[in-house]
Amino acid sequence: MPGRSDLKHRLVTRLQRHLANPLNRRLPFQTLLETTGRTSGLPRQTPVGGRRVGESFWLVSEFGYKSQYVRNIQADPGVRVRIAGRWHHGTAHLLPDDDPLTRLRALPFFNSTAVRAFGTDLLTVRVDLAD
């Protein structure tokens, strides 16, 4: 029998996949993380919240290793991030030893609040930007 966090994960990902993400991807200044699909090899764009600090972009995945974009990063860490309407190439790093709750305090408030509310297994991700 699935646990509460499994049910929460299924409900939130269904809402994101079919409603929130398609709408957010259309917003010109929404931050997007583009990974390569680990099975299809096709580009996959996911709206994310985070912050650029120097030559790195930081975000926290609300479902950790269950997130499809995290699984894609594990297969191929080469990503692109659209920040303020401009695309940047980079290399993503999963940081399980970083404290995601502390990290969220340094990231944009609205997204951090949603990640804390809906997330079940937080994971910090850092993208080292190449350009």
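The values are calculated or read from the model by the stated rules, or taken from the named source; none is laboratory data. Note that the structure is a prediction, hence the values are computed from the model and not measured. For neighbour counting, all protein chains shown are included, and Cβ atoms are generated from backbone atoms with ideal geometry for every residue, glycine included. All accessible areas refer to the heavy atoms of the entire protein, side chains included, with ligands and DNA or RNA removed. Shrake-Rupley method; radii C 1.70, N 1.55, O 1.52, S 1.80 Å.
Describe numerically, in nm with one decimal, the distance between label points set 7 Å from Cα along Cα→Cβ at Trp87 and at Thr102.
About 3.6 nm separates the two model spin labels.
Counting only protein chains, not ligands or nucleic acids, how are Leu7, Leu104, Leu95 ordered by accessible area (probe 1.4 Å), most first?
From most exposed to least exposed: Leu7, Leu95, Leu104.
I need the shape label for segment 72-131. Rule: rounded when a/c is under 1.5, else prolate if a/b > b/c, else oblate, with a, b, c from the alpha carbon gyration tensor.
oblate
Taking all protein chains as present, what is the carbon and sulfur share of the accessible area of segment 40-87, in % to the nearest whole number, probe 1.4 Å?
Carbon with sulfur: 50 percent of the solvent-accessible area.
Read phi for every residue in segment 44-56 and hand back ³J(HN,Hα) as whole Hz from Karplus 6.51 cos²θ - 1.76 cosθ + 1.60, θ = phi - 60°, with x for Gly and Pro.
Result, ordered by residue: 10, 10, 10, x, 9, x, x, 8, 7, 10, x, 9, 10 Hz.
How big is the charge dipole of segment 37-131 about its Cα centre, in debye rounded to the nearest 20, if each Lys and Arg gets +1 on its Cβ and each Asp and Glu gets -1 on its Cβ?
Once rounded to the nearest 20, the dipole reads 320 debye.
Efficiency by 1/(1 + (r/R0)^6): what FRET value for Thr113 and Gln45, r their Cβ-Cβ distance, R0 = 22 Å, to the nearest 0.05?
Once the sixth-power term is evaluated, E becomes 0.45.
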